[in-house]
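To keep things clear, I will list the structure first and then write my remarks on it.
The values are calculated or read from the model by the stated rules, or taken from the named source; none is laboratory data. If you're wondering where the values come from, they're calculated on a predicted model, not measured in any experiment. Using ideal geometry, Cβ is built from the backbone for each residue, glycine included, and neighbour counts are taken over all protein chains shown.
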Amino acid sequence: MIPGTFVQAAMRGIRGKCPRCGEGSLFRKWLKPREHCPVCTLDLMPQRADDFPAYIAILVTGHLMAPLIIMLSLDFEMGPLAMVSILVPLALVMMLGMLQPAKGAVIAAQWWFGLHGFVKERLPDDNASGPA
Ligand SMILES: [Zn+2]
């Protein structure tokens, strides 16, 4: 069933599900999207997520890590080696763990807004349509 809002479509993408039906899996491998949704046959080939999911993962990880770095250095007075041994693995896990959900959200956004050859399928917005 077609989602009613952009947030609903994005949440389906974050969960790795097709943004249109919410049931078919979006990925056939970790970051490799399927060509078609196995449930509703939505053509996923027009997606152009490119590097944007990586930018999202870096941005979110950086903003979550900054307060942690400040807290570890000020409150716990950790040395550089101890901080690096905690922060680098944590940052790697966070960024790698965020890539697929971010890519799903980007694909869902592209589908929702009808970008790159996706057909805009959502129902017309009552507020946006009407005589100009
Ligand atoms: Zn689908």
Inset, instruction - Could you check how many residues of the stretch 25-41 are within 13 Å of the ligand (Cβ to nearest atom), more than 13 Å from the chain's Cα centre (by Cα) and surrounded by fewer than 20 Cβ atoms within 10 Å (Cβ to Cβ)? - result: 8
Inset, instruction - Could you list all residues from the stretch 1-10 that are more than 14 Å from the ligand (Cβ to nearest atom) and aliphatic (A, V, I, L, M)? - result: 7, 10
Inset, instruction - Could you grab the pairs with beta carbons closer than 8 Å, sequence gap of 6+ or different chains, first residue in the stretch 60-87 and of a type in the set (Lys, Arg), second one in a loop (DSSP other than H, G, I, E, B) and surrounded by 13 or more Cβ atoms within 10 Å (Cβ to Cβ)? - result: none
Inset, instruction - Would you confirm whether any residue within the stretch 13-24 is among the acidic types (Asp, Glu), over 21 Å from the mean Cα position of the chain (by Cα) and either on the phi > 0 side of the Ramachandran plot or within 16 Å of the ligand (Cβ to nearest atom) (or both)? - result: no
Inset, instruction - Please enumerate the residues belonging to the stretch 9-58 that are part of a helix (DSSP H, G or I), of a type in the set (A, V, I, L, M) and within 19 Å of residue 117 (Cβ to Cβ). - result: 9
Inset, instruction - Please verify whether the stretch 47-66 includes one or more residues that are under 23 Å from the mean Cα position of the chain (by Cα), surrounded by 13 or more Cβ atoms within 10 Å (Cβ to Cβ) and within 16 Å of the ligand (Cβ to nearest atom). - result: yes
Legend entry - Test for residue 129: is it small (Gly, Ala, Ser), at pLDDT 90 or above and farther than 23 Å from residue 15 by Cα: no
